[in-house]
Structure formats: structure tokens, C-alpha cells
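Just so it is clear, none of the values below were taken in a lab; they were calculated from the coordinates. All of these numbers come straight from a predicted model, not from anything done at the bench. Every residue, glycine as well, gets a Cβ built from its backbone with ideal geometry; the counts of neighbours run over all protein chains shown.
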Amino acid sequence: METIDIQVVNAVRTQLPTREELAGKFTHIKGWGVDIDPENDPTYPMKNPRTDAEQLGYTWQRPAQQPQTVEVLQTNERPNLPAVFGTSSPPSGLSGAIRRYAFTFSESNIMHWIPLIVADRVNMVEGLMDDLLHGTVQNFTKEKGLTAPQEPNKTDLMTNVLIGTAVTIGVMLILRGRSRATQIE
């Protein structure tokens, strides 16, 4: 195990903000700091006593900020953008409006996630309509596998049915034996 230089630890600790400073800085974020009180630490007893020693390795410099050239939706739980983010499909149309609405809620709220799922489905329909407007017609029967052969391979089907039946019967017999053994005791 590596030895930790106490001077380095103290130097890093003096650079870290105190709990009180952090609590005052982020009080506008709903739910921030709920576990800042060591007496109400959800990691107890896994991480006890609670120290900041695990933070000591985080002395790297933040990467250069990627320029924001398109709208980027971000959680309301963080004050700034991450250093790097995706820009390939910025929010647009009705699905973009639904996503903007979803990001007004905390990630711990279901009203953040359900609208995002709905926005994905709406975005799919928007993509289909965009394809039609550009003269591209999707081949739904082929994409959904409806043109696959409808006749099953009878040998493979019978083999799978027999194996499935044998496994089911075996599990039932084992469970039945255990049930009888517990009744006898």
C-alpha cells in the first residue's frame, strides 16, 4: 500500500472548500447536499469513518471546455456544462420542446425521465415524416422482419420444445422434492 505524505494531504485539504462553503454555494439546487452531514451518510457502514482521502487523487486539471455551437440540454443539478458533450443531434421540433420541458426537473424526479422517453418516440415519428418529405419511403415489412420465412425449421423447433419441457419438468421435480423435505421436518 502506498504511503500518503501528510504535507500533501494538508495542502490539498486547504484547497478544498469546506462543507459550509459548498452548502452556501449550491443551495439553489433542490436536493443538493442531502448527504453532506456525516451523521446522515447513506454509505454508512461501507465507508466509515468518513474522510476525504478518496478525493486526494483528483488533482488533475479540467480539460479545455468544448465550445458550445448548438443547444445542449443539461441537468439543473450542475452549474456548468461538462468539458466535452455531444453535438450531433441538438434538440429540435416537438421532441426538442418535450426534452427542454424534461430538463426543468431534477434527475431524481420521474417527470424528468418520462418526458424523455416520450420525446424519443416523438423524435422517431419526426424522423419518419422527414424521410417522407425528402421522398424516402421506409420498407417497414423488411425492417420489422415480416418477410422472414414463416415456416419454422421443424427439427429445430421440436428439439427446443423437448429441451424446454425436460428442463421445466426437472425444475418442478427438484422444487417438489424440497417442498416435501421441508414438510417432513
### Summary
Taking a crude spin-label model, label points 7 Å out from Cα along the C-beta direction, the Ala97 to Gln61 distance in nm is 4.5
### Query
For the residue pair Leu133 and Trp113, what label-to-label distance in nm results when each label sits 7 Å from Cα along the Cα-to-beta-carbon direction?
3.3
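Sort Ser108, Ser95, Ser88 so the one with the fewest other Cβ atoms within 10 Å of its own Cβ comes first.
Details: Ser108 11, Ser95 22, Ser88 5.
In increasing order of surrounding Cβ atoms, one gets Ser88, Ser108, Ser95.
Rounded if a/c is under 1.5, else prolate if a/b is larger than b/c, else oblate: which is the stretch 58-116, with a ≥ b ≥ c the root eigenvalues of its Cα gyration tensor? Let's see the in-between values first.
Numbers: a/c = 3.30, a/b = 1.46, b/c = 2.25.
It is oblate, given that a/c is not under 1.5 and a/b is not larger than b/c.
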### Query
Spin-label point model (7 Å from Cα, Cβ direction): what's the Trp32 to Thr104 distance in nm?
2.0
